[in-house]
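Below you'll find the structure, written out as structure tokens, and then a few comments.
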Amino acid sequence: MGRMDLRQGSHGIGLRRLGTTAEEFQQDLLSSLYYRRGTTVESASPRDAYEALSLSVRDRLADRRARTAAAHYASNPRWVYYLSAEYLLGAQLEQNLLYSGTGELAAQAVKALGRSLEELEDLDIEPGLGNGGLGRLAACLVDSMATRDIPAVGYGIRYDFGIFRQSLENGAQAERPDDWAFQGNPWEFPAPDDRQTVHFYGHTEPVAGSEIRKRWVPGEIVLGEPSHMLVPGFGTETVNIVRLWRARGSEASFDLSRFSAGQYAEAVQEAVRAENISKVLYPDDSTELGRELRLKQQYFLCSCSLRDIIRRFRLRNENWDDFAEKTVIQLNDTHPTIAIPELMRLLVDEYEVEWDRAWAITRKTFAYTCHTLLPEALETWPVHLFERLLPRHLEIIYLINMLFLREVEQQFPGDTDRLRRMSIIGEGDERRVRMAHLAVVGTEAVNGVAELHSKLLRETVLQDFAALWPAKFQNVTNGVSPRRFIKLANPRLSDLITEGLGDDGWLNDLERLAGLEELAGDASFAERWRAVKRANKVDLGAGDPDSLTDVMIKRFHEYKRQQLKLLHVVTMYHRIRANPGGDWIPRTVLFAGKAAPAYHAAKNIIQLINAVGATIAADPVVAPYLKVVFAENYNVTLAEQIVPAADLSEQISLAGKEASGTGNMKLALNGAITVGTLDGANIEIRARVGEENFFLFGLDAFQAAEVQIAGYRPREHYDRDAELKAAVDAIAAGTFGGVGREVADSLLGWDEYLTLADFRSYLDAQEEVERAWRDPERWTRMSILNAAHSGFFSSDRTVADYAARIWRVAPVTVPREP
Ligand code: F55
């Protein structure tokens, strides 16, 4: 039995030690090719070679994984369970070569097979199981949890189709499905033995002798089958896992009698319905909420994961009073919040724990991270939908809400308005379950993802809750993995940093980058820094490597204001045309990012960017100075190529809207200088790198709120600023194509995100950018200082913060091979 292995640890079984020489690695590679791919050197396709290599690399981590499981089992530690509907793990091969220390061996062995490592790396597909920053944050945090030796499991959904593949058709976004595992996924271990059963629909029945307990008679039964991917720590022995659930029809879902009667489609319709649950990732990063299938996905994730967590707890423990001591479950936004009533249901209905005791355990077990401030992104579900899909959960939520409102009433007697505001059930045209309220009520800690965001949560969206429970609210500023976003993405810069600092200890102690400060004034170091940036630009091939590479890479959303960047581009175009002989600085403006397929306004902006780009490219006067590039299908792999080549990092959201941003951190760490507003983590980046090394512009969050309260009239800015008027007019007139009209109408009509209000200030900041660029020594110094002072933005620090202040977990050291 698989589980016995876990108890004994692999030492008892005596695992064959994997070789450490090139010959031995080559033999392993051959074994993989013969015994696992079933082919030979002579007939191996590139795909066979890729799979064989991946399996051999994976074996080296599996070894560490076995020791990790044994060490964890022996110490019965407190565990972190990270629940997230999304993971953007990025490509695995290069990462796992690095983390297993087998890069050199592998390169030699692959060469002996007559292939190159690069060629095989190109076959490595990234699992795009997320939308954007939230999904990538989950991946950086699991990386850092392993690196910090924290016993942890990340739970998620194994979508058959990840985030859509974006292409441009006549300059407009087109979407194709992302069948990412079509050719198989060598990084995944299926674990069918650990499958779980999930219920939906049906009704509840009273249980004799109990007021509280209920029996849920489901109307649909679905299986959840897990598989896991390895998550190695860097510079340590720990290998944790991300466990992903895939929906399957149960045996009963295949209707043999219908099949026999020739009704083939009807025979499998139940199974198809079940499997649809994990079929596709919802491609919306904040819009289009409220679909039944999405709530089904969320419950599917939570039900499977909680049963797995409880199974693991009971392997080592007996008493429910120890559950919250041994378990912390971190909710990545509200998407997995249904886990709160689900744990209550399991404890009360299935394990017969008394309500008050179950509620105390539940509240102590969960913590909630909020990733937004946009009101439309706060999830709510119609009560009637809940009632149909999860009848027992709705009853439990009502009970939680009743007891909670009683608590509020005690603190604030007679304040019915407050009760209405705070209720988990919102009473509007349609009664809805407010998931963020449930998440705050059912958890021990709530955090925002940057200082400003956490403050605004406390002072606006969640202010009533902060008044009731001030100690519950915390900040944990986001971070990114320096392994993926410096070492793997930017090997040239990594080598230079290692040389400059004397060793590569900075890779898991990123504050050591501060040692670069004293090299910022060293002319030869600066020269080499510049050469690295230039070489990265050549590799990227987006434009002239000597031009200022100005990048805006992120999801398309009006609050992020790609349209502001576009107004700047159009203004540059006008200026150059008006004065072709001017001393213009050549610029390459690089955009990348996806728009939600149903987000019409964002798709218009993409189309307009491409239309403006085409006009400029066709204009012999302007083209030598200005180039607009739209890189298709932005994903983690593409980010790893663009980030190292960036000179200027565009972080220009309306202040108070971007919770944190993490691209801003990746870019600063790679020596790009930010032009940005006082929003999200930009504020903390600026405070660290120094205001002289950051191009600031725009309204702050307070001023923006004031402008909106006073009644914002975008036309006043348009009427007052001739260059702004010219840019908007050109767009509106269709100079760059038909969608311009719609974009201009939105800007002049309401301009929800104050684009026009910030336009002039943004252009002034861009003039500062150009002044700095004209002085290469100054620019390079700024660039080095950005990297030197961004060490705080390592996700290792983020995880250390969570561990100390929210999780209260200690590391468990995994012993090296005996
Ligand atoms: C996905 C699905 C839904 Cl329903 C809602 C939001 C999302 C999503 O992808 N959100 C997201 O990426 N939020 C971002 O989280 C980052 C990590 O904390 C922040 O840096 C960023 O500011 C925020 O927008």
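Taken together, the residues in the range 140-157 that are in a helix (DSSP H, G or I) and more than 11 Å from the ligand (Cβ to nearest atom) amount to 6.
Within the range 675-695, restricting attention to residues that are surrounded by fewer than 24 Cβ atoms within 10 Å (Cβ to Cβ) and under 18 Å from TYR559 (Cβ atoms), which residue is nearest to the ligand (Cβ to nearest atom)? The residue in question is ILE683.
Please enumerate the residues belonging to the range 404-450 that are of a type outside the set (D, E, K, R) and part of a loop (DSSP other than H, G, I, E, B). If the condition is that a residue be of a type outside the set (D, E, K, R) and part of a loop (DSSP other than H, G, I, E, B), then PHE412, PRO413, GLY414, SER423, ILE424, GLY428, GLY442, THR443, VAL449, ALA450 are the ones that fit. Residues of the range 316-338 that are more than 16 Å from the ligand (Cβ to nearest atom) and crowded, with 24+ Cβ neighbours inside 10 Å: VAL328, ILE329.
The numbered conditions (1) closer than 22 Å to TRP529 by Cβ; (2) over 19 Å from the mean Cα position of the chain (by Cα); (3) not small (Gly, Ala, Ser) are all true for GLN703 except (1).
Do we find that GLY698 is more than 30 Å from ALA514 (Cα to Cα), assigned to a loop (DSSP other than H, G, I, E, B) and not aliphatic (A, V, I, L, M) in this structure? Considered against the rule, which asks whether it is more than 30 Å from ALA514 (Cα to Cα), assigned to a loop (DSSP other than H, G, I, E, B) and not aliphatic (A, V, I, L, M), GLY698 comes out as no.
What's the number of the only condition in (1) at positive phi; (2) assigned by TED's automatic domain parsing to the domain that holds ILE605 that GLU770 fails to meet? Tallying (1) at positive phi; (2) assigned by TED's automatic domain parsing to the domain that holds ILE605, GLU770 fails exactly one: (1). The residue pairs whose first member lies in the range 18-36 and is assigned by TED's automatic domain parsing to the domain that holds SER56 and more than 22 Å from ASN185 (Cα to Cα), whose second member is among the hydrophobic types (A, V, I, L, M, F, W, C) and modelled with pLDDT of 95 or more, and whose beta carbons are closer than 7 Å, counting only pairs six or more residues apart or on different chains, do not exist in this structure. The test for being more than 23 Å from the chain's Cα centre (by Cα), modelled with pLDDT of 95 or more and assigned by TED's automatic domain parsing to the domain that holds MET572 holds for ALA618. Selection over the range 472-517 of residues that are among the aromatic types (Phe, Trp, Tyr) and either farther than 30 Å from THR365 by Cβ or part of a helix (DSSP H, G or I) (or both) gives a count of 2.
Being touching a residue at least 60 places away in the same chain (Cβ under 8 Å), part of a helix (DSSP H, G or I) and touching a helix residue (DSSP H, G or I) at 6+ places or on another chain (Cβ under 9 Å) is the filter here, so list the residues in the range 73-94 that pass it. Answer for the range 73-94, where residues must be touching a residue at least 60 places away in the same chain (Cβ under 8 Å), part of a helix (DSSP H, G or I) and touching a helix residue (DSSP H, G or I) at 6+ places or on another chain (Cβ under 9 Å): TYR73, GLU94. Of the residues in the range 71-83, at least one is within 16 Å of the ligand (Cβ to nearest atom), crowded, with 17+ Cβ neighbours inside 10 Å, at pLDDT 95 or above and under 30 Å from ARG808 (Cα atoms). Checked against the criteria, LEU15 does not count as in contact with a helix residue (DSSP H, G or I) (Cβ under 9 Å, 6 or more places away or on another chain) and at pLDDT 90 or above.
Condition check ((1) under 30 Å from VAL217 (Cβ atoms); (2) within 16 Å of the ligand (Cβ to nearest atom); (3) surrounded by 22 or more Cβ atoms within 10 Å (Cβ to Cβ); (4) within 30 Å of the chain's Cα centre (by Cα)) across all residues:
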residue	(1), (2), (3), (4)
PRO382	yes, yes, no, yes
LEU385	yes, yes, no, yes
GLU409	no, no, no, no
GLU427	yes, no, no, no
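Identify the residue in the range 450-461 that is closer than 23 Å to LYS364 by Cβ and within 16 Å of the ligand (Cβ to nearest atom) and, among all such residues, is farthest from the chain's Cα centre (by Cα). Looking at residues that are closer than 23 Å to LYS364 by Cβ and within 16 Å of the ligand (Cβ to nearest atom), I get LEU457. Each residue in the range 621-670 was checked for being within 13 Å of the ligand (Cβ to nearest atom) and assigned to a strand (DSSP E or B), and 1 of them qualify. For VAL242, the conditions (1) surrounded by fewer than 22 Cβ atoms within 10 Å (Cβ to Cβ); (2) at pLDDT 95 or above; (3) of a type in the set (A, V, I, L, M, F, W, C) all hold with the exception of (1). Just one of the listed residues (ALA542, ALA595, ALA535, ALA531) is within 16 Å of the ligand (Cβ to nearest atom) and either in contact with a Ser or Thr (Cβ under 9 Å, 6 or more places away or on another chain) or not in a strand (DSSP E or B) (or both), namely ALA595. Considering the range 350-380, and only residues there that are among the β-branched types (Val, Ile, Thr) and within 16 Å of the ligand (Cβ to nearest atom), the residue that is surrounded by the most Cβ atoms within 10 Å (Cβ to Cβ) turns out to be THR369.
Residue by residue, here is whether (1) at pLDDT 95 or above; (2) β-branched (Val, Ile, Thr); (3) over 30 Å from LEU394 (Cα atoms); (4) not assigned by TED's automatic domain parsing to the domain that holds ARG246 holds:
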{"site": "GLU121", "(1), (2), (3), (4)": "yes, no, yes, yes"}
{"site": "ARG136", "(1), (2), (3), (4)": "yes, no, yes, no"}
{"site": "VAL142", "(1), (2), (3), (4)": "yes, yes, yes, no"}
{"site": "ASP149", "(1), (2), (3), (4)": "yes, no, yes, no"}
{"site": "ASP160", "(1), (2), (3), (4)": "yes, no, no, no"}
{"site": "ILE163", "(1), (2), (3), (4)": "yes, yes, yes, no"}
{"site": "ASN170", "(1), (2), (3), (4)": "yes, no, yes, no"}
{"site": "GLN173", "(1), (2), (3), (4)": "yes, no, yes, no"}
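Has the range 782-789 got any residue that is in contact with a helix residue (DSSP H, G or I) (Cβ under 9 Å, 6 or more places away or on another chain) and under 26 Å from ALA152 (Cα atoms)? The answer is no; no qualifying residue exists. Within the range 211-224, being modelled with pLDDT of 95 or more and more than 19 Å from GLY156 (Cβ to Cβ) holds for ILE212, ARG213, LYS214, ARG215, TRP216, VAL217, PRO218, GLY219, GLU220, ILE221. Before we move on, is GLU104 farther than 22 Å from GLY233 by Cα, away from the ligand (no atom under 16 Å from the Cβ) and surrounded by fewer than 23 Cβ atoms within 10 Å (Cβ to Cβ)? Answer is no for this residue.
The values are calculated or read from the model by the stated rules, or taken from the named source; none is laboratory data. Because the structure is predicted, anything quoted here is derived from the model rather than measured. All Cβ positions, glycine included, derive from the backbone under ideal geometry; neighbour counts span all protein chains shown.
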